[in-house]
Amino acid sequence: MRNELAQQIKRLGLDGRVQLPGQVSDPFRVLAHADLFVVSSRFEEFPNALGEAITCGLPVVSFDCPSGPSEISSHGVNGILVPAGNPDALAGALRRLMNDPAECERVMVTLLRHFDRSRFEPHLALVEKAGPFLEEVPKDVPVYDLEASRVRYALPGFLRLAWRTRPHALLSTLGELNLAILLGRPLLPRGLRLVIREVTPVSVRLPQQSRHPGPWCRLYRLYSRADKVICVSDFVLNDLAEGFGVPREKMVRIYNPVDSVRVTQLAGAAASPFFGAGPQLVAAGRLSKEKGFDLLLDAMSLVRQTLPHAQLTVLGDGPLRLDLEDQRARLGLGQAVRFVGTQSNPYPFFRHADLYVLTSRFEGLPNVVLEALALGTPVVAVDCPGGTREVLAGCPLGRLVPQADPQLLADAIVKACGSDLKKSADAKRMEEVLNKFGVEQIVRAYEDSLLA
């Protein structure tokens with residue numbers, strides 16, 4: 001069977017992406033470094049490995065085959081069960097759990113679209129040449145596939161590409177890849193200007209996302225090796241300076257751009273996706289712990305006590321979708337909360353909503369908030385560590401909730417829905433707020449950082 005699988009891997013063009021290491025002496029070591037565990041058995045008496053993966057805290061996807069998987073995964077509570085023998089359903093579940101926020105991709109596409117071609121010849125290297133944003137990359141931009149199964153494995157391919165293309169400057173924007181490139185900097189062509197972009201408050205993120213944050217914290221001191229570090233908010237900049245010793249003179253704060261013209265065009269491409277009396281609330285992001293959707297559902301149950309027709313639509317997918325659907329059922333929210341998955345064009349939802357709600361536990365700089373504001377939609381957001389306050393402080397369409405408390409959040413939502421912020425907001429002040437994130441000045445700041 002191993003030979004047949006090896007032939008199938010070759011036939012499907014999956015060489016380098018699928019490995020067959022055979023039996024390993026320490027499977028827990030493998031599980032400790034994995035992002036996801038998959039069971040594709042046609043039948044199982046009792047899948048011990050599945051139970052071990054759940055014990056290690058891994059999300060799991062399993063065929064709902066006869067016998068064990070359904071029982072051990074608590075009928076989907078600890079993972080996703082899909083119909084046995086259905087590869088399309090399995091692929092869909094894997095995409096749901098591995099889906100990541102697209103803010104980095106959206107920002108990069110915006111930069112590529114607007115870089116001054118008289119000063120730059122932009123090229124794009126991807127860990128894996130896949131994803132919904134590929135079709136938005138300008139046609140004159142060469143795209144390179146590093147063909148890495150994980151970000152951490154992309155460095156060899158990147159080094160080969162750097163020597164082949166000999167760029168003047170490099171802009172890297174993925175945390176793990178940033179660290180790998182900085183570690184490998186002595187192997188890069190001499191004279192290459194290395195610019196690193198950091199999008200999250202690292203000292204807040206690492207303890208929440210890693211079982212062992214200590215080694216990672218030490219690695220982030222490598223940022224001092226970069227020629228320039230672009231931080232998406234003042235909070236992120238101060239966090240790197242105070243928590244990781246990155247020299248302030250090496251860093252610059254450049255906000256994310258919001259392409260208001262393009263967002264408005266896309267928002268007008270479809271009719272309102274909502275139905276019912278409302279008010280209509282919308283939220284978007286990866287369904288994971290750091291995005292705080294559990295807090296939003298708790299608050300929604302309180303909002304409905306005052307606004308019984310209020311509805312919430314959540315855009316995005318991720319590892320907590322089943323947990324959140326279960327929470328919705330426990331709170332009796334039924335049709336009041338919709339999970340509509342990842343949307344290729346989320347902007348009609350933003351435009352036609354009465355309110356956008358952000359409940360993240362930390363944020364570098366929330367692009368979704370900028371896009372909602374650009375469409376004239378009021379925003380209520382938890383004042384979490386990161387750049388949210390820098391967007392909403394003094395914004396006529398924004399309201400900050402001082403802490404992650406369901407009752408405080410619910411009160412802010414009810415108040416915002418009753419105050420008709422859309423009509424009362426000072427248009428001139430809103431223009432001033434959004435100008436800070438205008439595409440032209442943000443792109444020029446990136447160009448200056450790459451050329452300096």
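Of the cross-linked pairs K415/K436; K129/K428; K250/K289; K228/K428, those separated by over 30 Å at the C-alpha level are K129/K428; K250/K289; K228/K428. With only Cα atoms counted, segment 122-162 has Rg and Dmax values of 10.5, 28 Å.
Based only on Cα atoms, what Rg/Rh ratio does segment 118-237 have, Rh being taken as Kirkwood's radius?
Details: Rg = 15.0 Å, Rh = 15.6 Å.
Value, to two decimals: 0.96.
With kT/(6 pi eta Rh) evaluated at 10 °C and eta = 1.306 mPa s, and Rh the Kirkwood radius from Cα pairs, segment 182-326 diffuses with a coefficient of 84 µm²/s according to Stokes-Einstein.
What does the highest-first list of 293-306, 170-183 look like by mean Cβ count within 10 Å? Display every interim value, and only then the final one.
On the way: 293-306: 20.7, 170-183: 19.2.
Result, highest mean first: 293-306, 170-183.
Scanning residues 5 or more positions from A284 or on other chains, those with amide H under 5 Å from its amide H are L315, with H placed 1.01 Å from N in the peptide plane. With R₀ set to 51 Å, the beta-carbon distance separating W163 from S419 gives a calculated FRET efficiency near 0.30. Entry note, segment 271-431: relative contact order of 24 percent, from Cα contacts under 8 Å with a spacing of 6+ residues.
Placing +1 on the Cβ of every Lys and Arg and -1 on the Cβ of every Asp and Glu, with nothing else charged, gives segment 271-431 a dipole about its Cα centre of roughly 240 debye.
Label separation (D448 vs Q305): 5.1 nm, computed from points 7 Å beyond Cα along the C-beta direction. Extents of segment 271-431, taken as max minus min of Cα coordinates on every principal axis and listed largest first, are 43, 33, 33 Å.
Could you give the length gained on full extension between V30 and Q407, defined as 0.36 nm per residue of separation minus the Cα-Cα distance, in nm?
On the way: separation 377, 0.36 × 377 = 135.72 nm, distance 4.20 nm.
This chain segment gains 131.5 nm when fully extended.
Each of the peptides 224-236, 242-254, 188-200 was scored by the mean count of other Cβ atoms within 10 Å over its residues; in descending order, highest first, they stand as 224-236, 188-200, 242-254. Counting Lys and Arg as +1 and Asp and Glu as -1 over every other residue whose Cβ lies under 9 Å from the Cβ of V195, the net charge comes to +2. Take each peptide in 258-268, 3-13, 385-395, count the other Cβ atoms within 10 Å of every residue, and average; sorted highest first, the result is 385-395, 258-268, 3-13. Could you check the spin-label model distance between E136 and E440? Points 7 Å from the Cα along Cα→Cβ, value in nm. The modelled label-to-label distance comes out at 2.2 nm. For segment 193-276, the relative contact order comes to 30 percent (Cα pairs under 8 Å, sequence separation of at least 6).
Just so you know, all these numbers are worked out from the coordinates, no wet-lab data involved. Not measured: the values here are computed from a predicted model. Note that we place each Cβ from the backbone using ideal geometry, even for glycine, and neighbour counts take in every protein chain shown.
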